[in-house]
Structures are given as structure tokens and as C-alpha cells.
Amino acid sequence: MQSADIQVDVIIPTQTKYLDLIGSIGERIGRELDLYSGDRDALAYQLNLVLTEATTNAIKHSNYKGPKDCVRITIHIQEDELNIKVFDHGQGFDIEAVPIPDFDNPKENGMGIYFIKTLMDSVTYTRMEEANVLEIKKSLR
Amino acid sequence: MKLTQQQLDGFNVLLINEERIDAHNSGDLKAFIIDMIEESEPNIVVQLQQVKFIDSSGLGALLAGFKHATAKSGKLALSNLQPQVMSMFELTRLNRVFEIYNDLNEATTSES
């Protein structure tokens, strides 16, 4: 795979059984990025993880009703920038309000957003009329 | 979720026969571990040799088991972590919480 752009657009039902599929797509893309100078195995795992966490989050926040009961995920690689967007139709949440985990008193929940923030360069969550979008960016230099 | 329970040198060993632990199966894992603790001695070694991927919910399930075992004056230890899985424990500093062994032999020898 050379520097050609990659655009993957996936729509899945809001069911956790599809997490493997989404994560595996990220992992395969990570392994194929010849231009990435870092540890490609680590990148592959990180993309699997970030897509899994972001999609889990979208499923958790979905409202489970109506025909919009799906999660759309787009993965776009343009030159050396990776951009992931995960759209959900739930009521949304404030990503800035998600606390950093308390490592001295670890809890069972609340580590997913921390992983995304830690492993990627930027993450934003925007509430929009049609759908909310979690946008993740990472430089692949 | 494919899980195998066995006794080894007096320890309850739980083998996870899955390559992936995520929000789809972590609930089953948590329930199984808690049942194990409730039904038998609360000393468990979870063997993760087959697991190549774990997400935050998987770590949460193991942490729930650890806390439950500790509350029952027992212990939940881990063995045979793949490098990428180990890196998740390091990222969350859960490697300081769990006792992590290279293999079951080391786990059962150290725990005796």
C-alpha cells in the first residue's frame, strides 16, 4: 500500500457482536501502512482498540429505537493523517467532562475514552442535529 | 465465551480460550469469575495465553474479579500475557494491581 488515500465507510447495527469486525478492519489497515515509520504491530493494536472503544461508546449511547439504530464509522487516511469518525444517534455526552482514571483506585469503567485520548493525537465529540460525531485524528509520520 | 476451568496444584485455573475480550463477551467473563469465587475457593489464576486483544471492558471484568476475590480474602492472579495485552495493563497501571506471572508453573509456585 503506497500513499494512495484510503476511505472506509461502515454501517453496523448497534450490537456488540460487530465490535470484532470493526476492530479487525482497523488492525488490518494498521498492518498495511507501509509509510508509517513507527511500530506497525503497536499501531495495528491501537487502531483495533480505538475503533472498538469508540464503537462500544456509540452503541452504549444509542437510544435503541427507530430505523436510525445503527452506528456509522468512517476511516480516512490521507497522506500521513488518519481520521476516524464514529457517528451515533444517542443523546451524546461531554467528552471534556470524562475524568482521567484514578490509577491508585482503579475502577471497572471509564477507561475507554482515556485509551482514545492517550493513544491518538486528538479527539473531539460534537453534538449535531442529524447525529453526534466522535472524531479521532492521528498523525502517521 | 469459551472458558475452561481446571485444578492445578490446588489452584483454580481459568483458561480463556478466546483471542479477543471486548464489550461483547466481557460481561460473561466477569459473571463466570464471580461465580467461581462464590462457589469455590477464591484463589484463581487466569491464564491469558490465547488472548491477543483486550479492551477496557475486558480489563474491567478482570478488575471486578480481582476486587471480588480480595473481598473474600482470596486472590486473583494472571499468567501468560501476550506482549500487546501486557501493554494494556501497563497503560492503565493495572500491572501494579495484579500479580502477573510468566506461566502457570510460576504462578502456582509463587502462590503456594
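The values are calculated or read from the model by the stated rules, or taken from the named source; none is laboratory data. Just so we're clear, the structure is a prediction, and the values are computed from it rather than from any experiment. Neighbour counts run over all protein chains shown; Cβ positions are idealised from the backbone, glycine included.
Consider the range A:3-26. How many of its residues are within 14 Å of chain B (Cβ to nearest Cβ) and touching a Leu at 6+ places or on another chain (Cβ under 8 Å)? Before you say what the answer is, go through the steps one by one.
Step one: of the range A:3-26, the residues within 14 Å of chain B (Cβ to nearest Cβ) are A:12-26.
Now drop any that are not touching a Leu at 6+ places or on another chain (Cβ under 8 Å), which leaves A:12, A:22-23, A:25-26.
Within the range A:3-26, residues that are within 14 Å of chain B (Cβ to nearest Cβ) and touching a Leu at 6+ places or on another chain (Cβ under 8 Å) number 5.
Can you tell me how many residues in the range A:115-141 are farther than 21 Å from residue A:39 by Cα and surrounded by 15 or more Cβ atoms within 10 Å (Cβ to Cβ)?
Here is the first cut: in the range A:115-141, the residues farther than 21 Å from residue A:39 by Cα are A:123-135.
Next, from what is left, pick out any that are surrounded by 15 or more Cβ atoms within 10 Å (Cβ to Cβ): A:123, A:125, A:131-135.
Looking only at that region, the number is 7.
Are any residues in the range B:39-68 more than 14 Å from every other protein chain (Cβ to nearest Cβ) and either under 13 Å from the mean Cα position of the chain (by Cα) or surrounded by 21 or more Cβ atoms within 10 Å (Cβ to Cβ) (or both), and if so, which ones?
First, pick out the residues of the range B:39-68 that are more than 14 Å from every other protein chain (Cβ to nearest Cβ): B:39-50.
Those that are more than 14 Å from every other protein chain (Cβ to nearest Cβ) and either under 13 Å from the mean Cα position of the chain (by Cα) or surrounded by 21 or more Cβ atoms within 10 Å (Cβ to Cβ) (or both): B:42, B:43, B:44, B:45, B:46, B:47, B:48, B:49, B:50.
With the condition kept exactly as written, say whether any residue in the range B:87-103 is outside any strand (DSSP E or B) and touching an Asp or Glu at 6+ places or on another chain (Cβ under 7 Å). Talk me through it step by step, then tell me what you get.
Here is the first cut: in the range B:87-103, the ones outside any strand (DSSP E or B) are B:87-99, B:102-103.
Remaining after also requiring touching an Asp or Glu at 6+ places or on another chain (Cβ under 7 Å): none.
No, because not a single residue in the range B:87-103 is outside any strand (DSSP E or B) and touching an Asp or Glu at 6+ places or on another chain (Cβ under 7 Å).
Only one residue in B:76, B:29, B:3, B:15 is crowded, with 22+ Cβ neighbours inside 10 Å, over 18 Å from residue A:52 (Cα atoms) and under 12 Å from the mean Cα position of the chain (by Cα). Which one? First the steps, then the outcome.
On the way: B:29 fails: over 18 Å from residue A:52 (Cα atoms); B:3 fails: crowded, with 22+ Cβ neighbours inside 10 Å; B:15 fails: crowded, with 22+ Cβ neighbours inside 10 Å.
Step by step, each of B:76, B:29, B:3, B:15 is checked, and only B:76 is crowded, with 22+ Cβ neighbours inside 10 Å, over 18 Å from residue A:52 (Cα atoms) and under 12 Å from the mean Cα position of the chain (by Cα).
Would it be correct to say that residue B:35 is of a type in the set (Asp, Glu) and either within 14 Å of chain A (Cβ to nearest Cβ) or crowded, with 17+ Cβ neighbours inside 10 Å (or both)? It would help to see each step written out before you state the result.
Details: of a type in the set (Asp, Glu): yes; either within 14 Å of chain A (Cβ to nearest Cβ) or crowded, with 17+ Cβ neighbours inside 10 Å (or both): no.
Spelling it out, it is not the case that residue B:35 is of a type in the set (Asp, Glu) and either within 14 Å of chain A (Cβ to nearest Cβ) or crowded, with 17+ Cβ neighbours inside 10 Å (or both).
With the requirement that a residue be polar (S, T, N, Q) and not in a helix (DSSP H, G or I), what does the range B:57-86 give you?
Quick first cut of the range B:57-86, residues polar (S, T, N, Q) only: B:57, B:70, B:73, B:79-80, B:82, B:84.
Matches in the range B:57-86: B:73, B:79, B:80, B:82.
Select, from A:108, A:53, A:96, the only residue that is touching a Phe, Trp or Tyr at 6+ places or on another chain (Cβ under 6 Å) and closer than 30 Å to residue B:97 by Cβ. It would help to see each step written out before you state the result.
Working: A:108 fails: touching a Phe, Trp or Tyr at 6+ places or on another chain (Cβ under 6 Å); A:96 fails: touching a Phe, Trp or Tyr at 6+ places or on another chain (Cβ under 6 Å).
Selected residue: A:53, the only one of A:108, A:53, A:96 that is touching a Phe, Trp or Tyr at 6+ places or on another chain (Cβ under 6 Å) and closer than 30 Å to residue B:97 by Cβ.
Could you please find all residues in the range A:27-42 being outside any loop (DSSP other than H, G, I, E, B) and either within 11 Å of another protein chain (Cβ to nearest Cβ) or modelled with pLDDT under 85 (or both)?
Filtering the range A:27-42 for residues outside any loop (DSSP other than H, G, I, E, B) gives A:27-32, A:40-42.
Those that are outside any loop (DSSP other than H, G, I, E, B) and either within 11 Å of another protein chain (Cβ to nearest Cβ) or modelled with pLDDT under 85 (or both): A:27, A:41, A:42.
Go through the range A:104-118 and count every residue that is in contact (Cβ under 8 Å) with a residue 24 or more places away in the chain and either of a type in the set (S, T, N, Q) or at the interface with chain B (Cβ under 8 Å from one of its Cβ atoms) (or both). Working first, answer last.
Here is the first cut: in the range A:104-118, the residues in contact (Cβ under 8 Å) with a residue 24 or more places away in the chain are A:112-113, A:115-116.
From the residues that got through so far, the ones that are either of a type in the set (S, T, N, Q) or at the interface with chain B (Cβ under 8 Å from one of its Cβ atoms) (or both) too are A:112, A:115.
Of the residues in the range A:104-118, 2 are in contact (Cβ under 8 Å) with a residue 24 or more places away in the chain and either of a type in the set (S, T, N, Q) or at the interface with chain B (Cβ under 8 Å from one of its Cβ atoms) (or both).
Of the residues A:94, A:80, A:69, A:88, only one is in contact (Cβ under 8 Å) with a residue 40 or more places away in the chain, within 23 Å of residue B:23 (Cα to Cα), exposed (fewer than 15 other Cβ atoms within 10 Å of the Cβ) and away from chain B (no Cβ under 14 Å); which? Explain how you work it out, then say what you get.
On the way: A:94 fails: in contact (Cβ under 8 Å) with a residue 40 or more places away in the chain; A:80 fails: within 23 Å of residue B:23 (Cα to Cα); A:88 fails: exposed (fewer than 15 other Cβ atoms within 10 Å of the Cβ).
Being in contact (Cβ under 8 Å) with a residue 40 or more places away in the chain, within 23 Å of residue B:23 (Cα to Cα), exposed (fewer than 15 other Cβ atoms within 10 Å of the Cβ) and away from chain B (no Cβ under 14 Å) holds for just one of A:94, A:80, A:69, A:88, which is A:69.
Hey, residue B:107 hits all of (1) over 21 Å from residue A:114 (Cβ atoms); (2) within 11 Å of chain A (Cβ to nearest Cβ); (3) surrounded by 15 or more Cβ atoms within 10 Å (Cβ to Cβ) but one; which does it fall short on?
Result: residue B:107 fails condition (2) only.
Take the residues in the range A:27-55 that are touching a residue at least 12 places away in the same chain (Cβ under 8 Å) and touching a Ser or Thr at 6+ places or on another chain (Cβ under 8 Å); name whichever of them is surrounded by the fewest Cβ atoms within 10 Å (Cβ to Cβ).
Among residues in the range A:27-55 that are touching a residue at least 12 places away in the same chain (Cβ under 8 Å) and touching a Ser or Thr at 6+ places or on another chain (Cβ under 8 Å), the one surrounded by the fewest Cβ atoms within 10 Å (Cβ to Cβ) is A:35.
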